[in-house]
Each structure stands twice: as structure tokens, then as C-alpha cells.
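Enquirer: Pasting a structure here, questions to come.
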Amino acid sequence: MLAGRWINIVGTDADRYQDLAVHLQETTGGRVHLATEDGRSQPTLKFNAKRGLVIIDAMEDRPGTALDILVQCRKAGKKQLMYAFLNAAHDSTLEKMTGPPEISGIFYQDDDYDHIAKGVLAMFDGDLWFPRRVMNRYLTSNTSSHRIMLREHELLTSRELEILQLLATGAKNTDIAAELNLSVHTIKTHIYHIYKKLDVSNRTQAVNWATQNL
């Protein structure tokens, strides 16, 4: 059991996980902290010298937001913390863009509380908690230009991800600017950063990357 160990659940409405928090406390023996993410500051996490876990709401309706939160949490530099996503959709963009060693597991929208508790205990025991297809994808993927590693300088922000998805539809810079209510200059700056992070040199290569990975 996880006596004295912290499990943090982070989301825009953390109170919705109150029942899950109670279940995890009862079944794992760990202490659970609900942290609300407001988009303006780093979520407040609880941890001690023991191994801890941060479970981040996947927020599938806001592409890239969960990854942004992960980066914010990792900036704290607490090596004893593990990370996982909760409420993810099967075969989603988030699932394709992340994996070990940056996170230790993914819980899905159709996972029940007992399954989540089992996964939490497994991660504290040092195991990974991913479906077989996700592990197969991770093990066979190209680790250079065809996969985003979750290091701060390489990670696409939610805005960059949004722009990349629009690029993949064939939208022009002016179309993207109008869609996102941004200037064309700002869109060009974002696209420049996207190219650098994906290690590509032009629009076609970026779109090809998006087609293969998103």
C-alpha cells in the first residue's frame, strides 16, 4: 500500500474527481490531492521525499492543454514524481504524442475506478501502464523527427499543435490567422517554431509529419 505517498489529480475542474480521490485513498492507502489548473500558473502539487504521482486530466476537448500542464509540472524538477494522463480518448492525438519515459501511464474515459487504482499501484511498483498497442507504437517509432519528446525545448505548445492541425488541412497562413484571430506575422512565427521542434524545413514536411503522427 501507499501509506505516506501523494497522488495528485490535476484538471480545470478537479472537484469532479472527488469520488475517484476517495476511492484511491481507500484502495491504495495513498493521500490524494486535487489541484485545479487555471491556465495562468503552475498547479500546486503535494509531494514529499517518497515517490509521488501526478495524474493530469487529458482534456481531449482542448488539444495540447494536457501536454502544457505536464511541462509546467515537470519544470518543478522533482525527480520523485511520476506522471500519467486521465480520461484520455482511445487512439487520440495525446496518446500518439506521448509515452515513456516522460509519462508512466494513461487512463481512458471508459476505465472504472478499480482499474485506475490497479494502474496507480502498478506505477508505484515501477511498472508502466499502457495498452499493448501504445507500447508497440512507442517501441517501433522513430525517436528523431517522427515523435515529439516531452522535453521543454522540443514540445509543441497547444497553440502550435492547433496551427499544425490547420496546416494539415491545407489552410493558408491568412486562413489560419483569421480562424485563430491572430496576425499573419504571429502565425509565421509559430510555424517557424514548429519547423524547429519537428526538425523539418518546409510546410510539406510539417504536414507529412502531422499526417503520420496526429
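The values are calculated or read from the model by the stated rules, or taken from the named source; none is laboratory data. If you're wondering where the values come from, they're calculated on a predicted model, not measured in any experiment. Heads up, the Cβs are rebuilt from the backbone with ideal geometry, glycines too, and the neighbour counts pull from every protein chain shown.
Enquirer: Exactly one condition in (1) in contact with a Leu (Cβ under 9 Å, 6 or more places away or on another chain); (2) within 20 Å of L161 (Cα to Cα) is false for E37; which is it?
Expert: With (1) in contact with a Leu (Cβ under 9 Å, 6 or more places away or on another chain); (2) within 20 Å of L161 (Cα to Cα) applied to E37, the lone miss is (1).
Enquirer: Between residues in the range 187-200 that are within 16 Å of I176 (Cα to Cα) and residues that are in a helix (DSSP H, G or I) and of a type in the set (S, T, N, Q), which pairs lie under 7 Å by C-beta distance while being six or more apart or on different chains?
Expert: What qualifies is I187/N173; K188/N173.
Enquirer: Going by the conditions given, is V71 surrounded by fewer than 22 Cβ atoms within 10 Å (Cβ to Cβ) and either under 20 Å from L156 (Cβ atoms) or not polar (S, T, N, Q) (or both)? Show your work before the answer.
Expert: Numbers: surrounded by fewer than 22 Cβ atoms within 10 Å (Cβ to Cβ): yes; either under 20 Å from L156 (Cβ atoms) or not polar (S, T, N, Q) (or both): yes.
Yes.
Enquirer: Another question, then. Would you point out which residue out of D38, D112 is acidic (D, E) and farther than 20 Å from L156 by Cα?
Expert: Numbers: D38 fails: farther than 20 Å from L156 by Cα.
Exactly one residue qualifies, and that residue is D112.
Enquirer: Still on this structure, I have one more. From the list L45, L53, exactly one residue is surrounded by fewer than 20 Cβ atoms within 10 Å (Cβ to Cβ), in contact with a strand residue (DSSP E or B) (Cβ under 7 Å, 6 or more places away or on another chain), within 24 Å of T98 (Cα to Cα) and not polar (S, T, N, Q). Which is it? If you could, list the steps in order and put the result at the bottom.
Expert: Details: L53 fails: surrounded by fewer than 20 Cβ atoms within 10 Å (Cβ to Cβ).
Answer to the check: L45.
Enquirer: What about R16, is it closer than 23 Å to K118 by Cα, without any contact (Cβ under 8 Å) to a residue 12 or more places away in the chain and assigned by TED's automatic domain parsing to the domain that holds N136? Explain how you work it out, then say what you get.
Expert: Values: closer than 23 Å to K118 by Cα: yes; without any contact (Cβ under 8 Å) to a residue 12 or more places away in the chain: yes; assigned by TED's automatic domain parsing to the domain that holds N136: yes.
Yes; evaluated as a whole, the condition is true for this residue.
Enquirer: Take the residues of the range 101-124 that are assigned to a loop (DSSP other than H, G, I, E, B) and surrounded by 14 or more Cβ atoms within 10 Å (Cβ to Cβ): which is modelled with the highest pLDDT? Steps first, please.
Expert: Filtering the range 101-124 down to residues assigned to a loop (DSSP other than H, G, I, E, B) leaves 101-104, 109-112.
Next, only the ones that are surrounded by 14 or more Cβ atoms within 10 Å (Cβ to Cβ) stay: 102-104, 111.
Details: E102: 83, I103: 91, S104: 92, D111: 96.
Top of the filtered list is D111.
Enquirer: Given the criteria modelled with pLDDT of 85 or more, assigned to a helix (DSSP H, G or I), surrounded by 11 or more Cβ atoms within 10 Å (Cβ to Cβ) and of a type in the set (S, T, Y), does T189 qualify? Full working, then the answer.
Expert: Values: modelled with pLDDT of 85 or more: yes; assigned to a helix (DSSP H, G or I): yes; surrounded by 11 or more Cβ atoms within 10 Å (Cβ to Cβ): yes; of a type in the set (S, T, Y): yes.
So T189 passes the test.
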